[in-house]
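This report concerns only the one structure given below.
The values are calculated or read from the model by the stated rules, or taken from the named source; none is laboratory data. Treat the numbers as computed from the prediction; the structure is a model and nothing was measured. Here the Cβ positions follow ideal geometry from the backbone for every residue, glycine too, while neighbour counts run over all protein chains shown.
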Amino acid sequence: MTTRANPRTETAPMAVIERLVELACLAPSVHNTQPWRWEYDGRAITLRADPDRRLVTSDPRGRNLTISCGAALHHLRFAAQALGWEPVVEHLPPGDETVLARVFVARTAHHPPLPADIELMRARCTDRRRFTAWPVPEDQLAALCRIATAWTVDAVAVTDNADRFRLELLANQALTALEIDPERLEEQESWIDRPGDEGIPSDLLPDHPDPLHPRGRFRLGVLEDTRLVIHSGDRVIALGAGSDDVGSWLRVGEALSALWLEATRAGMSVVPMTQPIEVESTRREIGRTLLAGAFEPLLLVRVGWQVIGRRALPRTARRPLDEVLSR
Ligand SMILES: Cc1cc2nc3c(=O)[nH]c(=O)nc-3n(C[C@H](O)[C@H](O)[C@H](O)COP(=O)(O)O)c2cc1C
């Protein structure tokens, strides 16, 4: 069957392509590595992962790298719609294994732009300050899970107190495993206060571990096990899929972006929590006990509310367009 081009089809001009890629790059990425490359050949925008930006120690298979690219892919699609275009996305097109997706941007009819959606992309950020004690109600958590599952991934909110405590224990175990691994610590540290337009400024991180004294020095005072205190406003959503592979990671990234933008619209705060997934033993345990083997856990996110009227956080930097887009 041959498909005839619609004579009324308008393809997006270069200025629109550039704006879309710029907005796509506002997406969250692990350690703000921005591990993506975009190419425009006059027909489609191609998205590839940038292997040089993979966290070789903590992300050997590129799971978080691909999730980050999936989030950028969803941002591109969302931006296209917000600017009144009709994006068509092809995942993992056959023929070139390094291509994650191809996006065709055109339109056959006039769609009014949605400036509030562009503002939403600019407003979204990772706010790691403590959430208020008021938990996100279960119906709102369920709505966020539905947004995620629309991207053919699995999503479950951990609401049961016993499960939540079990998860905290596993997160604590994972953190301990990571803290005693000097290579991982060094890798993490190398993305903090990095010169240039990448990485995370330390101002945005609560008491990040000191690589020389990861466990702190002995201090006088009352011994308090602060790590195992679960703050009542903290809710967790587990995202995953039937398999732990590139296609699933890409879709989880899209789901993460969709969930995060809608959470931002509703005034909620989202913070990914990757350590218990990065450590394979705790990841398996989460799948086995908390999810009863229903799906492979691929990403955890904490969801809560920030205190109203808190000052806006400074934004993490993004690399210039010429570094990430070839045309
Ligand atoms: C796959 C993935 C994993 C992430 N893991 C963590 C994490 O474990 N802890 C954390 O505080 N932030 C995490 N983040 C958030 C990033 O650090 C953040 O998106 C990045 O620094 C850019 O900042 P922004 O989200 O404010 O734009 C993760 C983001 C992604 C996409």
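A few notes on this one:
- Hits in the stretch 288-319 - residues which are closer than 12 Å to residue 125 by Cβ and without any contact (Cβ under 8 Å) to a residue 24 or more places away in the chain: 312
- Residue identified as surrounded by fewer than 21 Cβ atoms within 10 Å (Cβ to Cβ), more than 14 Å from the ligand (Cβ to nearest atom) and farther than 13 Å from residue 325 by Cα among 37, 48, 43: 43
- Any chance residue 117 is outside the structural domain of residue 298 (by TED's automatic domain parsing) and surrounded by 13 or more Cβ atoms within 10 Å (Cβ to Cβ): yes
- For the stretch 237-325, the helices (runs of 4 or more DSSP H) that sit wholly inside it and include 3 or more residues that are surrounded by 15 or more Cβ atoms within 10 Å (Cβ to Cβ) and modelled with pLDDT of 95 or more are 246-265, 275-278, 280-285.
- Residue pairs meeting the criteria (Cβ under 7 Å; at least 6 apart or on separate chains; first more than 15 Å from residue 302 (Cβ to Cβ), in the stretch 119-148; second exposed (fewer than 15 other Cβ atoms within 10 Å of the Cβ)): 120/265
- Any hit, the stretch 18-25, residues being out of contact with any Leu (no Cβ under 9 Å at 6 or more places or on another chain) and not aliphatic (A, V, I, L, M): no
- If only residues of the stretch 292-322 that are β-branched (Val, Ile, Thr) and over 19 Å from the mean Cα position of the chain (by Cα) are counted, the one that is farthest from residue 166 (Cα to Cα) is 308.
- Residues in the stretch 190-228 that are more than 12 Å from the ligand (Cβ to nearest atom), surrounded by 10 or more Cβ atoms within 10 Å (Cβ to Cβ), part of a loop (DSSP other than H, G, I, E, B) and at pLDDT below 70: 209, 210, 211, 214, 215.
Residues checked against (1) touching a helix residue (DSSP H, G or I) at 6+ places or on another chain (Cβ under 8 Å); (2) within 28 Å of residue 235 (Cβ to Cβ):
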| site | (1), (2) |
| --- | --- |
| 83 | yes, no |
| 110 | no, no |
| 119 | no, yes |
| 127 | no, yes |
